[in-house]
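Student: Submitted below is the structure of interest, expressed as structure tokens.
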Amino acid sequence: MQTTPAHLYLSKEDRKSLLKKNNWKASYEIVLHWLWITFAFALVHFFPNPITIIISLFILGGKQLACAILMHDAGHRAVFNNKKWNDLIGQWLGAYPIWHNMHSYREYHYRHHVHTGLPEDPDLLLTRGYPTSSKSMMRKFGRDLSGITGIKAFFGLTLMHLGYLQYNLGGKIERHSSPPKNIITFGQRFMYHLSGPLFVNLLLFSILYLIGNPFLYLLWIIAYLTTFQFSLRVRSIAEHSLVKDCTDPFQNTRTTKANTIEKILFAPYHVNYHAEHHMLMAVPSYNLPHMHQLLLKKGFYEKGILSHGYWSIIKAAAQGQKKGKD
């Protein structure tokens, strides 16, 4: 495992306490997550104008990232005590709303932890190429916020679900070794991977229809194609880019301090405590701030990477020379 051994900084009692799950705290974080989504829709429903639409799109993009992080945490079985409820919530409130399947993600993501920063890391392409030039960074953000990145990501993910492409969220495009050869195989893969996402998104549309404003669902689609992709990019850069040595467990992962706006856009479920997560990947999100304080006191960040704000990371990522394709 390509991580810093936890026992170097945390006692057995510390680790036991940090790994303990609390269903009430987990439920609170999930309810808060979905209340933000409700607020974003309500803002445009009651005050429809260009400013509220833009604000809503950025909130929804950040909370779609929160869906991805909930899927991620449930993939680590780090949300609820009960494994059945952990997987159920991870699928229905995390993965399905953003067109994912938690079980496929769980298997894929584990390889990232085993091979963090190494050539076998499936997410390595997401974090390479930084720092880059400011013009290159603006083009990247332009593709994200214009929907170009999102359209490509949506169709790529759909082809992965259907078995035409290998499942890879790190940007590597590779044909599946055994694509569906008949309508039966196609139907089986469709039902397993896409029936849940379709049902949840239809349910979301139906709720908005019943309150009298089905056009609000367009905000969810537009956010998915634009601001969600922007939030994903910044989060990925912050976690593993611009590091001194991607093969060094002390240096291949970063924790980032986040203000209120940055938490909404880039750091739901305390995902900004990413060095802590890589040290003990089954620690529930609501215990990560306490773990961070323990590691600060015990000197972990004399070697580990701690950044103060996402804006500082974005600036650092855009202050280099252009390297290859962007």
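The values are calculated or read from the model by the stated rules, or taken from the named source; none is laboratory data. As the structure is a prediction and not an experimental result, all values here were calculated from the model. Cβ coordinates were reconstructed from backbone atoms using ideal geometry, including for glycine residues, and neighbour counts include every protein chain displayed.
Student: Tally the residues that are under 24 Å from K244 (Cα atoms), among the aromatic types (F, W, Y) and surrounded by fewer than 20 Cβ atoms within 10 Å (Cβ to Cβ), restricting the search to the stretch 274-301.
Tutor: Number of matching residues: 1.
Student: Looking at the structure I just gave you, is Q166 under 30 Å from L203 (Cα atoms) and in contact with an Asp or Glu (Cβ under 8 Å, 6 or more places away or on another chain)?
Tutor: Considered against the rule, which asks whether it is under 30 Å from L203 (Cα atoms) and in contact with an Asp or Glu (Cβ under 8 Å, 6 or more places away or on another chain), Q166 comes out as yes.
Student: So the check is Cβ under 7 Å with 6+ separation or different chains; which pairs have a first residue in the stretch 144-169 that's touching a residue at least 60 places away in the same chain (Cβ under 8 Å) and a second one that's basic (K, R)?
Tutor: From the stretch 144-169, the pairs are D144/R233; T149/R143; H161/R189.
Student: Taking the options L232, L208, name whichever one is closer than 22 Å to I59 by Cα, in a helix (DSSP H, G or I) and over 17 Å from the mean Cα position of the chain (by Cα).
Tutor: L208
Student: I need the full set of residues from the stretch 94-119 which are more than 16 Å from M281 (Cα to Cα), surrounded by fewer than 19 Cβ atoms within 10 Å (Cβ to Cβ) and either among the aliphatic types (A, V, I, L, M) or free of Cβ contacts under 8 Å to residues at least 60 places away in the same chain (or both), in order please.
Tutor: H103, L118, P119
Student: Now for a separate question. Could you tell me whether N81 is surrounded by fewer than 20 Cβ atoms within 10 Å (Cβ to Cβ), in contact (Cβ under 8 Å) with a residue 12 or more places away in the chain and not aromatic (F, W, Y)?
Tutor: Yes; evaluated as a whole, the condition is true for this residue.
Student: Among the residues of the stretch 172-204, which ones are crowded, with 16+ Cβ neighbours inside 10 Å and either assigned to a loop (DSSP other than H, G, I, E, B) or hydroxyl-bearing (S, T, Y) (or both)?
Tutor: P180
Student: Restricting the first residue to the stretch 8-28 and requiring it to be more than 30 Å from E302 (Cβ to Cβ) and modelled with pLDDT of 95 or more, which pairs with a second residue that is β-branched (V, I, T) and not in a helix (DSSP H, G or I) meet a Cβ separation below 7 Å and a spacing of at least six or different chains?
Tutor: Hits for this filter: A26/V79.
Student: Out of all the residues in the stretch 175-183, is one or more hydrophobic (A, V, I, L, M, F, W, C) and in contact (Cβ under 8 Å) with a residue 12 or more places away in the chain?
Tutor: Within the stretch 175-183, not a single residue is hydrophobic (A, V, I, L, M, F, W, C) and in contact (Cβ under 8 Å) with a residue 12 or more places away in the chain.
Student: Run down N213, N201 and say which single residue is in contact (Cβ under 8 Å) with a residue 40 or more places away in the chain and within 20 Å of T158 (Cα to Cα).
Tutor: Sole residue among the options that is in contact (Cβ under 8 Å) with a residue 40 or more places away in the chain and within 20 Å of T158 (Cα to Cα): N201.
Student: Which pairs do you get when a residue that is among the charged types (D, E, K, R), found in the stretch 218-233, comes within reach of a residue that is part of a helix (DSSP H, G or I) and modelled with pLDDT of 95 or more, reach meaning Cβ atoms under 8 angstrom, with the pair 6+ apart or on two chains?
Tutor: Close Cβ pairs (under 8 Å, with a partner that is part of a helix (DSSP H, G or I) and modelled with pLDDT of 95 or more) amount to R233/K140; R233/F141; R233/D144; R233/T149.
Student: So which residues in the stretch 96-111 are at pLDDT 90 or above and within 18 Å of M279 (Cα to Cα), if there are any at all?
Tutor: R106, H109
Student: Please list, ordered by residue number, the helices (runs of 4 or more DSSP H) wholly in the stretch 245-326 having 1 or more residues that are of a type in the set (D, E, K, R) and touching a His at 6+ places or on another chain (Cβ under 9 Å).
Tutor: 260-265, 274-279
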